[in-house]
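Below is one structure, written out as structure tokens, with a few remarks after it.
The values are calculated or read from the model by the stated rules, or taken from the named source; none is laboratory data. None of these values were measured; they are calculated from a predicted model. Note that each Cβ is placed from the backbone with ideal geometry, even for glycine, and that neighbours are counted across all protein chains shown. Heads up: the accessible areas ignore ligands, DNA and RNA and are worked out on the full protein's heavy atoms, side chains in. Shrake-Rupley method; radii C 1.70, N 1.55, O 1.52, S 1.80 Å.
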Protein chains: 2
Amino acid sequence: MGMEFLPDKPIYQQLVEHIIGDIIRDTLVTGEKLPSVRDYAISVGVNANTMQRVYKELENLGITETRRGQGSFVTENQMRIQELREEMKEQLVQSFIQNVEALGFTTNEMVHYLQRRGEQDD
Amino acid sequence: MGMEFLPDKPIYQQLVEHIIGDIIRDTLVTGEKLPSVRDYAISVGVNANTMQRVYKELENLGITETRRGQGSFVTENQMRIQELREEMKEQLVQSFIQNVEALGFTTNEMVHYLQRRGEQDD
DNA sequence: TCTAGTGTATTAGTTATATAGTACACTATG
DNA sequence: CATAGTGTACTATATAACTAATACACTAGA
């Protein structure tokens, strides 16, 4: 019960990303029912409205479908999931490159650094 | 006159990063005097207080030195600049990896993607 | 038809960011 | 010593982002 959040990003956004991560990792699968807004809110330790916003975002992204009175479910549309996966990847890389350039680094330098880090972890 | 800012990050922070970038790129060199708070604020199109905050951050980071009544100058301490460069790099990579993992990607996948992007740009 | 479980809407409060205006303090220079 | 140029401090305001609390609406099933 409870989850750690970084102070530099909205909680709801971190939750959205975490759930998308679960879908990408297949921890949450197609058609699966998500916990109710209130249950999930409690288990994570946030306000129910915050969680509601998370579910709304997920629905706007087209990766969940909500049936009033029933709950939210991961979409059956596998294509949309793959699409979103690529969108998120592109967006992540783009904002990374933006930061890299603002700070005067080159993408090449960062790639090398990332590779060295990767070797250590695996 | 005027500068573009992204909506997802505080203006003062973007300015700090931009100036650090100028130092890393050697667009701003050791010992060089920065414009006055007021002048710089006008040229960029922000309020003077916002720019003051930027200068304060830079001084806290130890890469500028402020002499009251004279102005702010890039530190003569080359070592500190190199140090900061590595700090920023590490921090950038760390937060990137955090996002990558939250979204269910692997560092390896992202490195490959970054490399393909790099080839296109150069 | 009642009730428990679900999503939804509305309103309010807190905090961070940015802006604005004004006054003060230090330094160099004529 | 007067003045212009510089950084600094303080108070106030506006706005947006985020979180919180509460009330409402729909669905399924006993």
Exercise. Between residue B:42 and residue A:6, what is the label-to-label distance in nm when each label sits 7 Å out along the Cα-to-Cβ direction?
Worked result: 3.9
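Would you mind giving the total buried accessible surface between chains A and B, with a 1.4 Å probe and ligands, DNA and RNA left out, rounded to the nearest 100 Å²? Show your work: numbers first, answer last.
Numbers: alone 8890 and 8890 Å², together 14440 Å².
The A and B chains share an interface burying roughly 3300 Å².
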Problem set entry | Euclidean distance between Cα centres, segment B:25-96 to segment A:48-122, Å | 32
Seminar exercise, completed: Applying the gyration tensor rule to the Cα atoms of chain A (axes a ≥ b ≥ c; rounded if a/c under 1.5, else prolate if a/b exceeds b/c, else oblate), the class is prolate
For this session: Give the relative contact order (percent, whole number) for chain A; include only Cα pairs under 8 Å separated by 6+ residues.
Result: 22
Seminar exercise, completed: When the charge dipole of segment B:11-76 is computed with +1 on Lys and Arg Cβ and -1 on Asp and Glu Cβ about the Cα centre, the Cα farthest towards its positive end, among B:24, B:75, B:12, belongs to B:12
For this session: Find the accessible area per residue for segment B:11-76; the probe is 1.4 Å, ligands and nucleic acids are left out, and the unit is Å².
Result: 54
Exercise. With heavy atoms of protein chains only and a 1.4 Å probe, what residues of segment A:1-42 have at least 40 Å² less accessible area in the full set of chains than alone?
Worked result: A:17, A:25
For this session: Give the share of C-alpha pairs in each 10 angstrom bin for segment A:11-76, from 0 to the last occupied bin, in whole percents, shortest bins first.
Result: 23, 61, 16
Exercise. Over all residues in A:86-95, what is the mean tally of Cβ atoms on other chains that come within 10 Å of each residue's Cβ?
Worked result: 4
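Rounded, prolate or oblate for the protein assembly as shown? Axes are the square roots of the Cα gyration tensor eigenvalues, ordered a ≥ b ≥ c, and the cut-off for rounded is a/c under 1.5.
Values: a/c = 2.60, a/b = 1.83, b/c = 1.42.
Prolate shape, in that a/c is at least 1.5 and a/b is the bigger ratio.
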Exercise. Carbon and sulfur: what percent of the protein assembly as shown's accessible surface (1.4 Å probe)?
Worked result: 47
Exercise. Where the only charges are on Cβ atoms (+1 Lys, Arg; -1 Asp, Glu), what is the dipole of chain B about its Cα centre, to the nearest 20 debye?
Worked result: 520
Problem set entry | Dipole magnitude (debye, nearest 20) for segment A:80-121, charges at Cβ of Lys, Arg, Asp, Glu | 80
Exercise. How high is the relative contact order of segment B:11-76, in percent, with contacts defined as C-alpha pairs under 8 Å that are six or more residues apart?
Worked result: 39
Exercise. So what is the accessible area of segment A:80-121 per residue, in Å², with the probe set to 1.4 Å?
Worked result: 53
Problem set entry | Cα gyration tensor category, rounded, prolate or oblate, for segment A:80-121 with a/c compared to 1.5 | oblate
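So which of A:33/B:89; A:56/B:9; A:56/B:56 end up more than 31 Å apart by C-alpha? Provide the component values of the computation, followed by the final result.
On the way: A:33/B:89 40 Å; A:56/B:9 23 Å; A:56/B:56 40 Å.
Flagged as over cut-off: A:33/B:89; A:56/B:56.
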Exercise. Relative to the other copies, what are the label-point distances for residue A:48, with labels 7 Å from Cα along the C-beta vector, expressed in nm at one decimal and sorted shortest first?
Worked result: 5.1
